[in-house]
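Below is one structure, written out as structure tokens; comments come after it.
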Amino acid sequence: MTVTPTSRSITKAILSKEQAEGAGARVRRSIGRPELRNHDPFLMLDEFNVDKNGGFPDHPHRGFETVTYMLEGQFQHEDFAGHKGTIGPGDLQWMTAGRGIVHSEMPVKSQTRAHGLQLWINLPREHKMCEPQYQELLDGQIPRANPAEGVVVKVIAGESHGVKSQVYTRTPTMYLDFKVAKNKTVIQTIPKTFTGFIYMLKGTAFIGDKEFEGKAHHTLTFSEDGAETVKITTKDEDAHFVFIAGEPLKEPIVQHGPFVMNTTEDIYRTFIDYQSNQNGFERAKNWRSTIAG
């Protein structure tokens, strides 16, 4: 007799409300709002929509990673170390800010809009002051799993149905993009200690044995009951969503804007480092990006 594993359930559904961010940009923020200040190890999730006149001009980061996943359009990025590039639909940039990055993220001016997701992942204490690093993958370099007809899973980080990502995660993380045709059921495994959520991009999905209804622009957080599967079902329409989960750090979080450390003293020291162009911010002195105009 085959026993179907018990699925995790959904404990909370948060609508990502649109707000202004950066310079003339609009984002739908879920994690990072008062209703879900953070979801250890995740600090923020934005679904961004930026036209050619908006963007995120020169700004710093320290103590965490930013993961930018493009859905439509193209985005340029440039940092104070001379790293520069463009990512387009389906492409990924996994940036470890570590001890310090100052960069700019702007849409390609010929595009009508740039649409994507940006996730902030906290770094454990021992990696907060590591050297910055980039991992960039084009859409075609991201492996796919096909667990059933009508189900395609892009394995951005972690593993799904025997397919593994090449992305190295300092904080153990899985990041999966699901496109599921109507009237399908897929079961995704998840390590028992991971926290996680689904962010709905399009359509409707029913999660867990009780079939919690998830709709577009909602973040659906998983129960933390040690179950090692999540059951996802579609009915009369297709669904597109991301499935994100990670190992909670269980460390103090002190965040001030783009700086995330463990103590108030660490944050104070970060402000001094940034203002004094030292301890990772040396190259910030007199630097201005070319893409922010």
**Asked** Around Gly88, what is the net charge, scoring Lys/Arg as +1 and Asp/Glu as -1 over all other residues with Cβ under 11 Å from its Cβ?
**Response** -3
**Request:** Express the Stokes-Einstein translational diffusion coefficient of the stretch 84-152 in µm² s⁻¹, to the nearest whole number, given a Kirkwood radius over alpha-carbon pairs, 37 °C and a viscosity of 0.692 mPa s.
**Result:** 222 µm²/s
**Rounded Å value of the spacing that divides the Cα centres of the stretch 177-251 and the stretch 8-55** = 18 Å
**Request:** For the stretch 5-146, state the semi-axes of the equivalent ellipsoid (square roots of 5 times the eigenvalues of the alpha-carbon gyration tensor), sorted largest first and rounded to whole angstrom.
**Result:** 23, 20, 17
**Asked** Under the definition of Cα pairs under 8 Å and six or more residues apart, what whole-number percent is the relative contact order of the chain?
**Response** 21 percent
**Prompt:** To the nearest 10 degrees, how steep is helix 264-276 against the longest Cα principal axis of the chain, on a 0 to 90 scale?
**Reply:** 50 degrees
**the stretch 137-193: proportion of alpha-carbon pairs further apart than 16 angstrom, %** = 42 percent
**Sparse-neighbour loop sites [trypsin sites (Lys or Arg not before Pro); the stretch 149-211; at most 12 other C-beta within 10 Å; DSSP]** = Lys192, Lys210
**Message:** With unit charges on the beta carbons (Lys and Arg positive, Asp and Glu negative) and the dipole taken about the Cα centre of the stretch 1-67, which residue among Pro41, Thr11, Ser30 sits farthest to the positive side?
**Reply:** Thr11
**Fill in**
Checking the stretch 115-164 for GluC sites (Glu not before Pro) in a loop per DSSP with at most 16 other beta-carbon atoms within 10 Å yields Glu149
**Message:** Which three extents, in angstrom, do the Cα atoms of the stretch 168-222 have along their principal axes, listed largest first?
**Reply:** 35, 22, 18
**Prompt:** Ignoring ligands, DNA and RNA, how do Ile10, Ile253, Ile156 rank by accessible area with a 1.4 Å probe, largest first?
**Reply:** Ile253, Ile10, Ile156
**Message:** Using the Cα atoms of the chain, I'd like the radius of gyration and the largest Cα-Cα distance, Dmax, both in angstrom.
**Reply:** 19.0, 69
**Complete:** For the chain, whose charge dipole is built from +1 on Lys and Arg Cβ atoms and -1 on Asp and Glu Cβ atoms, the candidate among Gly208, Ala292, Gly162 with its Cα farthest towards the positive end is Ala292
**Asked** What chymotrypsin sites (Phe, Trp or Tyr not before Pro) does the stretch 117-202 have in DSSP loop regions with at most 14 other beta carbons within 10 Å?
**Response** Tyr168
**Prompt:** Excluding ligands, DNA and RNA, what is the solvent-accessible area per residue of the chain at a probe of 1.4 Å, expressed in Å²?
**Reply:** 44 Å²
**Message:** Suppose every Lys and Arg Cβ carries +1 and every Asp and Glu Cβ carries -1, with no other charges. What dipole size does the stretch 1-81 come out with about its Cα centre, to the nearest 20 debye?
**Reply:** 460 debye
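The values are calculated or read from the model by the stated rules, or taken from the named source; none is laboratory data. Keep in mind that this is a model prediction, so the values were computed, not measured. Note that we place each Cβ from the backbone using ideal geometry, even for glycine, and neighbour counts take in every protein chain shown. Surface areas here come from the heavy atoms of the whole protein model, side chains and all, with no ligands, DNA or RNA. Shrake-Rupley method; radii C 1.70, N 1.55, O 1.52, S 1.80 Å.
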